[in-house]
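What follows is one structure encoded as structure tokens, with my remarks underneath.
The values are calculated or read from the model by the stated rules, or taken from the named source; none is laboratory data. Quick caveat: nothing in here was measured; it's all calculated off a predicted structure. Cβ sites come from the backbone with ideal geometry, for glycine too, and all protein chains shown count toward neighbours. For accessibility, only protein heavy atoms count, side chains too; no ligands or nucleic acids. Shrake-Rupley method; radii C 1.70, N 1.55, O 1.52, S 1.80 Å.
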Amino acid sequence: MTLLPILAFWALLAWGIAGPRSVLLYLFFATMPFGAFAVLPTGLTGGLTFTPTPLVALALVVRTFVRPGGAGALLGMALRPERLLLLASFGVVAVIVTLFMPRLFAGVIEVVPVRGDLDQTVPLRPNQQNISQLAYLLIALASVFAFARLLRSPRLRQHAYRALCLGGAVAVLTGLLDLAAGSLPLNGLLAPFRTASYALAVDVEVLGGKRVVGLMPEASAYGGLCLGFLCAIHFYRRAMWQGPVRDVAAPLLVLALIGCIWLARSSGAYVGFAVFVMLAVLDWCLRLGARGRRRRRGVAGELGFVVVLVIGLCLVVIVTPHALDPLYELVDRMVFQKGSSESFEQRGMWRRVAFEGLLSSQGLGLGLGSARTSSSLVAILSGTGLLGGALYYGFFLQCLLRTGRDRTGEASFVFSAFRFAAMPGFVVGLMVGSADFGGMLAFGFGLVSALADDVRSATRRRPVRHAHLWGPENALAVP
């Protein structure tokens with residue numbers, strides 16, 4: 001039974017390699033919810049788990065650059081400061097630190113190991129996690145380069161936006177199946193997709209209710225996944241061409257993903273959702289005050305729906321004053337009382353020990369996979385050193401500050417959407433995260449970089465009049 005899903009994945013991957021490039025884009029997002037699925041039997045890999053998305057990303061990278069002109073394009077992006085030089089430099093530093101520092105400081109610095117006793121420190125030493133964590137990070141870095149090249153095509157960008165919706169739909173479906181498995185005999189259907197070698201927490205309850213994990217290793221991972229899709233679909237939706245996907249499917253998926261975040265019962269996801277709500281309100285305010293009908297388009301309907309929802313909740317509270325007590329109790333337990341929990345103290349100890357290890361290394365770093373951290377910031381700093389952290393966050397800031405306008409106006413939408421979509425995950429990553437920034441952020445980095453190239457190209461061309469991407473009725477003259 002386990003062999004059938006593995007064969008199905010490899011068949012789909014072969015189709016993506018041999019077929020249209022858009023197939024790999026759809027596979028990239030559709031496989032993200034399968035974070036507990038080992039597509040190679042762990043008995044053949046020495047216990048390492050290879051999940052689907054990194055392999056799809058690797059295929060996307062190979063297909064993008066193993067062709068005439070691909071190597072030159074890769075080198076050109078890596079060497080230009082206005083493109084991906086900072087990110088490429090970060091990758092070089094990560095490789096050097098991870099290969100050499102665990103050996104240089106072996107036995108000298110104490111760390112909490114990624115595998116083993118999570119409450120005790122041990123002397124630093126090279127381990128298998130150094131290589132696996134470095135490999136995952138390099139795949140994510142290479143994915144940014146692939147997206148930056150592929151997504152210069154408006155057609156492929158539209159496929160990517162629709163692929164986001166497909167991935168969100170798969171995340172919702174897997175969550176609902178996991179929820180239904182509590183009362184229906186579905187465990188036999190889900191078991192073949194839960195074959196990872198690391199620990200899986202799939203039957204945890206909080207306040208008498210099951211924490212939904214979908215096909216991810218644990219509820220916090222599933223909640224973070226749904227949060228990522230929620231932010232991406234909501235904010236990138238305005239860059240889609242008009243049609244049922246943008247106007248019907250995307251809003252419905254946003255509502256479904258909010259429900260899945262609630263069912264995950266993850267404190268990190270709840271905090272991220274609160275950040276998302278604040279950013280969505282800020283986005284609405286900015287759009288309401290913006291000039292031009294295109295930037296204000298759709299905001300009235302979105303605000304109207306939210307107002308109706310708030311009025312409905314107020315009526316429920318008026319009619320049944322205690323109807324929302326379970327919601328208050330759950331949020332209080334998962335967020336406000338989190339600071340007194342054992343897991344919070346344990347994660348704080350991991351971060352403290354890793355940061356002390358960074359200081360003991362004179363800021364050089366300990367190597368990726370050397371220490372457990374439970375924070376993306378501490379993981380990057382301790383794993384790649386102060387130099388690696390400066391390069392990575394310098395690139396992140398460069399992407400956040402991208403501005404400009406291409407010939408169609410899509411770039412200004414995307415730059416704004418990236419700033420809003422990336423921040424909730426960034427905040428959650430400070431509490432629960434790793435050095436591998438993952439596929440969703442890799443897509444955002446690549447998309448912003450691709451459109452930045454279009455902005456630079458547009459400034460070198462003579463102004464032309466053409467139909468706007470969002471419909472011929474919005475034809476405009478480029479200033």
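In summary, the chain shows an alpha-carbon radius of gyration equal to 0.99 times the 2.2 N^0.38 Å reference for compact globular proteins. Between Leu118 and Arg456, full extension at 0.36 nm per residue minus the direct alpha carbon distance yields a gain of 116.8 nm. Using Cβ point charges alone (K and R +1, D and E -1), the dipole size of the chain about the Cα centre works out to roughly 2320 debye. Each residue, Met278 and Leu315, gets one label point 7 Å from its Cα in the Cβ direction; the gap between the two is 3.1 nm.
Once all protein chains are placed together, Trp15 keeps about 140 Å² accessible to a 1.4 angstrom probe. Accessible-area rank, largest first, for Leu386, Leu227: Leu386, Leu227, with all protein chains present and a 1.4 angstrom probe.
With contacts taken as Cα pairs under 8 Å at a separation of at least 6 residues, segment 1-160 carries a relative contact order of 22 percent. Calculated accessible area for the chain comes out at 45 Å² per residue, all protein chains present (probe 1.4 Å; ligands, DNA, RNA ignored). Rounded to the nearest Hz, the phi-derived 3J(HN,Hα) couplings of segment 170-184 under the Karplus curve 6.51 cos²θ - 1.76 cosθ + 1.60 (θ = phi - 60°) are 5, 4, 5, 4, 5, x, 5, 5, 5, 5, 5, 5, x, 10, 10, where x marks glycine and proline. The Cα atoms of segment 109-263 give a gyration tensor whose axes a ≥ b ≥ c have a/c of 1.5 or more with a/b no greater than b/c, which makes the shape oblate. For segment 351-427, the equivalent ellipsoid built from the Cα gyration tensor has semi-axes of 33, 13, 7 Å, listed from largest to smallest. Per-residue ellipticity at 222 nm from helix content only, as computed over the chain with -39500 (n - 2.57) for each DSSP H run of at least four residues, stands at -21000 deg cm²/dmol.
Scalar couplings 3J(HN,Hα) for segment 140-146, obtained by applying the Karplus form with A = 6.51, B = -1.76, C = 1.60 to θ = phi - 60°, are 5, 4, 5, 4, 4, 4, 5 Hz; x denotes Gly and Pro.
From most to least packed by mean Cβ count within 10 Å, the peptides 423-431, 239-247, 33-41 give 33-41, 423-431, 239-247.
A dipole drawn for segment 102-246 from +1 and -1 charges on Cβ atoms has a positive end, and of Leu230, Leu104, Leu190 the residue lying farthest that way is Leu230. The amide H of Val111, built 1.01 Å from its N in the peptide plane, has Val122, Leu124 as neighbours under 5 Å, considering only residues 5 or more places off or on other chains. Estimated at 0.36 nm per residue, the fully extended path between Leu184 and Leu85 surpasses their Cα-Cα distance by 30.5 nm.
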